[in-house]
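So the structure is just underneath, and the comments pick up after that.
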Amino acid sequence: MKILVTVKRVPDPETSIKVKPDGTGIVTDNIKWVVNPFDEIGVEEALRIKEKVAGSEVVLVSIGDKVAQEQLRTGLAMGADRAILVLADDLDPLGVARVLAKLVDDEKPDLIIMGKQAIDDDSNAVGQMLAELLGWPQGTFASQIELSDDQKSASVTREVDGGLETLSFPLPGVITADLRLNEPRYASLPGIMKARKKELKEIPVADLGVDVTPRVTITKMEPPPSREAGKIVASVEELVNLLHTEAKVI
Amino acid sequence: MELLFTDDQLAFQESVRGFLQKECEPERLRKLWETESGRSPEFWAKLAEMGILGMTAPEEHGGLGMNEVDLVLVLEEIGRAALAAPVAETVAVGVPLLAACGSPALQAEWIPKVVAGEAALSFGHADTPFVHDAHVADLLLLHAGGRTDSDIAVHAVPRGDVTLVHEPGNDPAGRLYRVEWQPSPETRIATGAVAGTALALAFDRAALAAAAQLVGIAQQLVDLAAHYATQREQFGRPIGSFQAIKHMLASVQVRVEFARPVLYRAAWTVAEDTAERMVAVSHAKAAAAEAAILAARTALQVHGAIGYTWEVDLHIWMKRAWALDVAWGTRLWHRARIGRAVLDDSAAPSFGYSARA
């Protein structure tokens, strides 16, 4: 079974993010970069499937600058077999989905696992777009994945408002990983040493012949408003009164 | 001479840091203190899975064949996490000593078990009265006899063949034992000059491992105190905004930064077994202990009264610092060793240390 897993390079969630004064992006100096945590969960799930299904191959894909090699190496150190880095400047979600669709044509995976969203722009769009472009079924926000014994279909438990929903669909398909799907492993020392020798193929985006013209333009970024100090009220009556007169929410 | 750590070494340090942060949360450490052994076999197996237990083991026994330069960053993280497991005793000291002195059969019996997480080792030297973690060590490597080639020996003794007497210590996670045993020809694995050289190197490895952990502890204490100083407010401001606090913590950080390269140099001298090894190790142990003890005192002062309480986690690292400060040679002992080397007329001149002409 061949599993394609996306790996996006994002700022460490523990990093304090600052927006550039001109609002064109974030200040990237001294930022630590990591694998998108949801993608890391996707890599872990793919590795668990590989451990159960003999002869499986886990292929990682990242799209971005050459430095994204670092995050692909992390995934390879966790145990993935090889990696593909598509060299491209910032793409919008549709551009990413189109690039991935082209790679799927070439790689012909049985399953694609992605993070449900990347923690940098939180678009939560690529998985759904990719499934549509490929005409494949999708199981998004997966908190549990079970494959049939013959690996021809998948059962995906999704976290939805008010409970859990279980979908079953034939493979190939696209699954996006939610937080509670698993707890990713740490790269072992032998894994890190082996990762250096694993194949990491770089492909300039122009070589794929895909239209990646952005449909979305970021016009301005600004930090969220700073939180104001709270107020301690003496009684329920006072609270209701303030919600009505000051906050004007009731 | 390569002065930078490789990408792999740094990647492994980061991976180990993440792993230990999760596995060694203070609540878990406190629960372990309450168990009889104070150690977790499940966690030992996880250390094996990470590859930590096989780092110094020869490749023919399933290990990674690495040296102290590879290991030092991991030991630093072990100090930072206040890990309660005999990694230093097993990986930094026991395996290299067994590989140097053990018969091929003894090595083949024990080293693969260590790599697989099925056995632990510990080391007892005549210069240190107690053996760390002897209660969970399956095989004890012990110094017997004196210090001259005629009577010195190394013995490999299964734990079942010794009597262990528990000795209390500062560190609630520490487990110290006096080992009562009788040397026998069956357990003797090296004698004479071979034993003397191996024991001296093993002692330096143990001191280096303690120094590395002390640097990690010092950094953790600074980080804890700095974090507390940004949360605790007085006079309407976080106390970390006051110069009196900032300068104290900056001074400790400087001490840590000065200890770190000394530690790394010592790791290299041990890995290469250079002529400066003993001096470099003593320098590292003394510098790391000074940094950690200053960090402990300063962190306690920054925390104020709450820092003295059992509930606040500060004492986990503070007491470990106190315990390691006196393990494998006190600062006084190591300074004296440096002094002897520097003042010895026969000392060979070398980079960083000059003998009198």
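Things worth noting here:
- Reduced Cα scattering model of segment B:207-344, Debye log10 I(q)/I(0), q = 0.11 Å⁻¹: -0.43
- When you restrict to C-alpha pairs under 8 Å that are six or more residues apart and normalise by the size of chain B, the relative contact order lands at 15 percent.
- Where N is the number of residues in chain A, Cα Rg divided by 2.2 N^0.38 Å: 1.17
- Lysine-lysine proximity count for chain B, Cα under 20 Å, sequence distance 8 or more or distinct chains: 6
- Estimated from the Cβ-Cβ distance and a Förster radius of 41 angstrom, the FRET efficiency linking B:A275 and A:E199 is about 0.40.
- Convex hull volume of the Cα atoms of chain B, normalised per residue: 141 Å³.
- Ellipsoid fit via the Cα gyration tensor, segment A:138-239: semi-axes of 39, 27, 21 Å, each the root of five times an eigenvalue, largest first.
- Label zone at B:S241, where the point sits 7 Å out along the Cα-to-Cβ direction: segment A:205-238 residues whose backbone N lies under 13 Å: none
- Under 11 Å from the A:A229 label point (7 Å along Cα→beta-carbon), backbone N, segment B:229-243: B:236-237
- Leading residue at positive end of dipole, the protein assembly as shown (Cβ point charges), from B:V16, B:H334, B:V302: B:H334
- Angle in degrees between helix B:104-115 and the longest Cα principal axis of chain B, rounded to the nearest 10: 20
- Computed over the protein assembly as shown, the P(r) curve from all C-alpha pair distances, binned at 20 Å from the origin, holds 17, 42, 32, 8, 0 percent per bin.
- Size of the A/B contact, given as accessible area buried on both chains, probe 1.4 Å, in Å²: 1100
- Computed in the context of the full set of protein chains, the accessible area of the protein assembly as shown at 1.4 Å probe radius has 54% of its extent on carbon or sulfur.
- Isotropic mean projected area of the C-alpha convex hull, segment B:41-129 (nm²): 6.0
- Between A:E70, A:E222, A:E107, the GNM of chain A built on Cα springs shorter than 10 angstrom shows A:E222 fluctuating the most.
- Inter-site label distance for A:D211 and A:E14 at 7 Å from Cα along Cβ, in nm: 4.5
- Rounded to the nearest 20 debye, the dipole magnitude of the protein assembly as shown is 1360 debye, with +1 charges on Lys and Arg beta carbons, -1 on Asp and Glu beta carbons, and the Cα centre as origin.
- 11 Å beta-carbon shell around A:V35, net charge (K/R +1, D/E -1): -2
- Convex hull (Cα only) mean projected area of segment B:7-194, reported in nm² to one decimal: 10.7
- Surface analysis of segment A:2-220 yields an accessible area of 49 Å² per residue, using protein heavy atoms and a 1.4 Å probe.
- Helix-only CD estimate at 222 nm, as mean residue ellipticity for the protein assembly as shown, using -39500 (n - 2.57) per DSSP H run (n ≥ 4): -14000 deg cm²/dmol
- Positive-pole candidate from B:Y264, B:A100, A:A101, dipole of the protein assembly as shown, charges at beta carbon: B:Y264
- Contact order relative to length of chain A, as percent, for alpha carbon pairs under 8 angstrom and 6 or more apart: 24
- The alpha-carbon of A:K18 sits under 21 angstrom from the alpha-carbons of these lysines, leaving out residues fewer than 8 places away in its chain: A:K8, A:K32, A:K220.
The values are calculated or read from the model by the stated rules, or taken from the named source; none is laboratory data. What you see is a predicted model; the values in this text were computed from it and never measured. Because the Cβ atoms are built from the backbone with ideal geometry, glycine has one as well, and the counts that use them run over all protein chains shown. Surface accessibility is based on the protein's heavy atoms, side chains included, excluding ligands, DNA and RNA. Shrake-Rupley method; radii C 1.70, N 1.55, O 1.52, S 1.80 Å.
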